[in-house]
Amino acid sequence: MAAGPPPPLDPSELPVFHDEGFAEKPGGSRASQPPSFPAGCLCTVGILAYGIICFKKGNTRRSQLMMRARVLAQGLTFAALLGGTVATAIKSR
């Protein structure tokens, strides 16, 4: 038994796309939000770089301290990302 052709599409069921301005684009809409995630990323990278410099200079105690601080900074950055995602999801409702 062969299936017939699919039924025609109703134009009212098709999605409607709108042109986005700068403020609606992903980077533009986040510009008004607090920069906690980018700041956290920069902080993490800065701590990591300083830890590597200390390691190269032979200051192992400071290097270990910086690696532990990096883990803390990564955790805080992840928390900022998660918090921003939850806040955006709640705001969009």
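The values are calculated or read from the model by the stated rules, or taken from the named source; none is laboratory data. Computed from a predicted model, the values in this text were never measured in an experiment. We work out accessible area using only protein heavy atoms, side chains counted, and drop any ligands, DNA or RNA first. Shrake-Rupley method; radii C 1.70, N 1.55, O 1.52, S 1.80 Å.
Note that region 49-66 has calculated 3J(HN,Hα) couplings of 4, 5, x, 5, 4, 4, 5, 5, 7, x, 8, 5, 5, 5, 4, 5, 4, 5 Hz, one per residue in order, obtained from phi through the Karplus relation 6.51 cos²θ - 1.76 cosθ + 1.60 (θ = phi - 60°); glycine and proline are x. Phi angles across region 73-79 convert, under the Karplus curve 6.51 cos²θ - 1.76 cosθ + 1.60 with θ = phi - 60°, into 3J(HN,Hα) values of 5, 5, x, 5, 5, 5, 4 Hz, Gly and Pro given as x.
Given 0.36 nm per residue, what is the gain on full extension from I53 to F17 after removing their alpha carbon distance, in nm? Kindly include the intermediate steps, with their values, before the conclusion.
Details: separation 36, 0.36 × 36 = 12.96 nm, distance 5.02 nm.
Computed gain between I53 and F17 is 7.9 nm.
For T88, the accessible surface of its heavy atoms amounts to roughly 70 Å² (probe 1.4 Å, protein chains only, rounded to the nearest 10).
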